[in-house]
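Below is one structure, written out as structure tokens, with a few remarks after it.
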Amino acid sequence: MTEPGEILQTAIRLIDGDRAKSHGPYLENHENIAKLWSAYLGVEITARHAAMMLVLLKVARTMTGEHNRDDYADAAGYLALAWAIAERG
């Protein structure tokens with residue numbers, strides 16, 4: 001059985017390690033996502049909105065298919081990034 005702290009530790013490792021290396025700086029990445037989604041949807045999406053929408057994507061994935069620990073760790077990571085982006089104002 002996985003303890004809640006283990007999920008959060010996984011999220012920390014991902015956002016500070018693997019994902020930071022493969023996706024680049026989180027703010028720049030989410031700003032790029034927001035620009036593309038804004039152009040596609042025809043409405044303004046902010047970097048924080050993009051992070052929150054990625055949280056919702058991960059929540060949606062928990063509702064179908066096999067139970068997947070990664071969805072929970074990724075959701076926690078995206079939520080932390082949304083907070084960090086919001087703090088930057």
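Just a few scattered comments:
- Residue with peak Gaussian network fluctuation, the chain [Cα springs, cutoff 10 Å], from 44, 31, 66: 66
- Ratio of Rg to Rh for the chain: 0.99 [Cα atoms; Kirkwood radius as inverse mean 1/r over pairs].
- When only the Cβ of Lys, Arg, Asp and Glu is charged (+1, +1, -1, -1), the dipole of region 20-64 relative to its Cα centre reaches about 200 debye.
- One chain, two ends: residue 8 and residue 38. Fully extended at 0.36 nm per residue, the span grows by 7.8 nm beyond their Cα-Cα distance.
- Taken about its Cα centre, the chain carries a charge dipole of about 180 debye when Lys and Arg each add +1 at the Cβ and Asp and Glu each add -1 at the Cβ.
- Model label points for residue 53 and residue 86, set 7 angstrom from Cα along the Cα-to-Cβ axis, are 1.8 nm apart.
- Residue 21 versus residue 67: modelled label distance in nm, points set 7 Å from Cα along the beta carbon direction: 3.1 nm
Just so you know, all these numbers are worked out from the coordinates, no wet-lab data involved. Values in this document were obtained by computation on a predicted structure and should not be read as measured data. Cβ sites come from the backbone with ideal geometry, for glycine too, and all protein chains shown count toward neighbours.
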